[in-house]
Each structure stands twice: as C-alpha cells, then as structure tokens.
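The values are calculated or read from the model by the stated rules, or taken from the named source; none is laboratory data. Owing to the predicted nature of the structure, the values given are computational and were not obtained by experimental measurement. Here the Cβ positions follow ideal geometry from the backbone for every residue, glycine too, while neighbour counts run over all protein chains shown.
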Amino acid sequence: MYKNIKFEIREHIGYITINRPEAMNALNMDVLKELKHVLKKISDDSEIRAVIVTGEGRAFVAGADIKQMKRYNPVRGRQMMTLGHEVMDTIDEMPIPFIAAVNGYALGGGCELAMACDIRIASSKAKFGQPEVGLGIIPGFGGTQRLSRLVGKGWAKYLIYTADVVKADKAEAIGLVQAVVEPDQLMAEAERVAGMIASKAPIAVAAAKTTINDGYDADIRTGGRLEIEAETSCFGTRDKGEGMAAFLQKRQPNWENK
Ligand code: HXC
C-alpha cells in the first residue's frame, strides 16, 4: 500500500523502513504523507509497544528532497515544513517509544527524523549532520530546537553553522546517539532495545515518555508535578499490582494489554 516506505509488525514491534534508496531516502512530500499515514495506523494499534525506524540501502535519510525543494517558493516551503514538523512531533508525542536504527547518512531532515525518535542506535558507518546552511536554508523539521536540547547549544551551533558531517563515534561522544554497533549488528541491537521496552509495563512506559518530554520543556517544579500526577495514575493501574506481585513472587509479570 505504501510506495516510499515499508511497514511491518512483528512481536509487538513496528518497523518503518524509508524506502527510496535511489535518492538516499530523501524525504519528499510523498514520503512525508506516507509517514503521517503510518503513524496514525501505529497510534490506532494497541499491540505495538515500540517502533524501529531505519532506512533501506546506504542511507538512513539524506535529508529533505533537494530536487523538490529547489522548485519551492516560500508558500510551498512552508507546507513542506509544516508537514515535516507534524510527522516529527507525532513521533515525539506518541506514547510509544521510537528507536532510530541509523544505518547510514542521517543528514538534514534525516538527522531531524532520528532526533524526533526517543533513542538512536547507530551503525559504525552512520554519519550525522545538518548541512542546510550550505544550501541557503536552515534545518526546518525541528533541528534548530531538538539538536540543542539533545547535545547542548555549543555542539548544536557548531554542527548547524559549519554543516560539518560527523561519524557515528563522534555522534556518540556528544550524546547524539546512545550506542554504536557494527553494521551487521544494527537491527539486532535495535530489536534488543525495543524488546526490553516491549517487555515492560506498556502504560508505565507511555507515562514515562510523556512525563520526560513534557517536563523537559517545562521548569523543574512543573515537571515534578507532572511526574506526581503520572505516577499517581500508574499506582491506579492493574500493572502496578501485577508488577509488584510478580517481583515478590519471583515470577515474570503478565501485563495488561493497553
Ligand atoms: C534529493 C538526494 C538527496 C537529497 C541524495 N540524493 N541526497 N536527492 N535530496 N537530500 C540523491 C542524489 O542526487 C543522487 O541522485 C542519489 O541520491 C545518490 O546520491 P550521491 O550524491 O550520488 O551519493 P554519494 O556521492 O554517496 O553522497 C551521498 C550524500 C550526498 C553524502 C548523502 O548525496 C549528499 O550530500 N546529499 C545531500 C545531503 C543534504 O544536504 N541534506 C540536507 C537536505 S536539506 P542521482 O539522480 O544523481 O543519482 C534538509 C532540510 C530539511 O534536509 C527541512 C526543509 C524544509
């Protein structure tokens, strides 16, 4: 049903693969529309507990589609950015954790897609950067905001002003990715992390994601209050009784489905 992405679900894990390898998986309007569609499908599916996003071929995503953007005036550019932001924000706001399995180039909109995900695992062949100023534009799918929140203002400014492209080990050193593995281990590692998440209480994981995200953009007292409210809700769940009983009875918990 999709032309530019692949989507499948296996054992509570959703897999989105950006599938335009001939264009380094560049995000054009059609890819963004398909991503928006698949995200709605994921949010309607109560079985999915984590999502892995990756790219087909040599790139994760080499950015927004330059051939398309070249033709765009400010009005069309704004439409593209609005859709791009909608996709990235949906990933950010969805209660299910997203893991970017970065197999190759994550440039521009590709780095922004990876940053919208909760966790980034990189192949040792992956490369990261925000090369937009070399094209006469700036990051437009959230990069000016998410990069500084992830790696601090200094590294964000360095990467965005210089358009430098950094290797996976550098990305790990500045906190842009959580782990770097050999290319043939990438999906196994992403699946291991997704599996760990999927084995935990789904309502608690969702509460953790929402509380971390909402609290990060608020002051610490407001964040603390959000935590108290979310934790109070967790105390009212069947999973809280089950998780604690399972610990005390030395057995695996049997979570309520979402
Ligand atoms: C459109 C792209 C593309 C892109 C690669 N291609 N990136 N097409 N948009 N972002 C196409 C190339 O034109 C080429 O098509 C084919 O993919 C293979 O790419 P090559 O350049 O031949 O491969 P290689 O020499 O290995 O270099 C790979 C690369 C390079 C380093 C990833 O392609 C590159 O620098 N790409 C652009 C990266 C970039 O600037 N990204 C930021 C975009 S701006 P043909 O037809 O020649 O075979 C952005 C802004 C987001 O993302 C917000 C905007 C609103």
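The residue pairs whose first member lies in region 243-257 and is in contact (Cβ under 8 Å) with a residue 12 or more places away in the chain, whose second member is small (Gly, Ala, Ser) and assigned to a helix (DSSP H, G or I), and whose beta carbons are closer than 7 Å, counting only pairs six or more residues apart or on different chains, are Pro253/Gly243; Pro253/Ala246. Looking at (1) under 17 Å from the mean Cα position of the chain (by Cα); (2) within 13 Å of the ligand (Cβ to nearest atom), find the lone condition where Ala50 falls short. The failed condition is (2). From the list Val38, Val53, the lone residue that is among the β-branched types (Val, Ile, Thr), buried (at least 24 other Cβ atoms within 10 Å of the Cβ) and either in contact with a Gly (Cβ under 9 Å, 6 or more places away or on another chain) or under 18 Å from Asp92 (Cα atoms) (or both) is Val53.
One line per residue, one yes/no per condition, for (1) part of a helix (DSSP H, G or I); (2) more than 11 Å from the ligand (Cβ to nearest atom):
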| site | (1), (2) |
| --- | --- |
| Thr54 | no, yes |
| Gly57 | no, no |
| Lys67 | yes, no |
| Tyr72 | no, no |
| Arg76 | yes, no |
| Met80 | yes, no |
| Glu86 | yes, yes |
| Ile91 | yes, yes |
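On the stretch given as region 125-169, residues that are in contact (Cβ under 8 Å) with a residue 40 or more places away in the chain and more than 26 Å from Met29 (Cα to Cα) total 5.
Of the helices (runs of 4 or more DSSP H) lying entirely inside region 118-207, the ones with 3 or more residues being more than 16 Å from the ligand (Cβ to nearest atom) and among the aliphatic types (A, V, I, L, M) are found at 186-198. Here Ile228 passes the criteria (1) in contact with a helix residue (DSSP H, G or I) (Cβ under 9 Å, 6 or more places away or on another chain); (2) in a helix (DSSP H, G or I) except the one numbered (1). Scanning region 97-115 for residues that are more than 10 Å from the ligand (Cβ to nearest atom) and surrounded by 24 or more Cβ atoms within 10 Å (Cβ to Cβ) yields Phe98, Ile99, Ala100, Ala101, Val102, Asn103, Ala114, Met115. Of all residues in region 4-45, those being within 16 Å of the ligand (Cβ to nearest atom) and of a type in the set (D, E, K, R) number 5. Would you point out the residue of region 99-123, among those that are under 9 Å from the mean Cα position of the chain (by Cα) and of a type in the set (Val, Ile, Thr), that is farthest from Val151 (Cα to Cα)? This residue is Ile99.
The rows are residues; the columns are (1) at positive phi; (2) charged (D, E, K, R); (3) in contact with a Leu (Cβ under 9 Å, 6 or more places away or on another chain).
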{"position": "Ala156", "(1), (2), (3)": "no, no, yes"}
{"position": "Glu172", "(1), (2), (3)": "no, yes, no"}
{"position": "Met187", "(1), (2), (3)": "no, no, no"}
{"position": "Ala206", "(1), (2), (3)": "no, no, no"}
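Filtering region 46-84 to residues that are at pLDDT below 95 and either over 24 Å from Gly195 (Cβ atoms) or of a type outside the set (Gly, Ala, Ser) (or both) leaves only Glu47.
If you check every pair at least six apart or on different chains, which have Cβ atoms under 8 Å apart with a residue in region 50-77 that is of a type in the set (Lys, Arg) first and a residue that is part of a strand (DSSP E or B) and within 6 Å of the ligand (Cβ to nearest atom) second? Matching pairs, first to second residue: Arg58/Tyr105.
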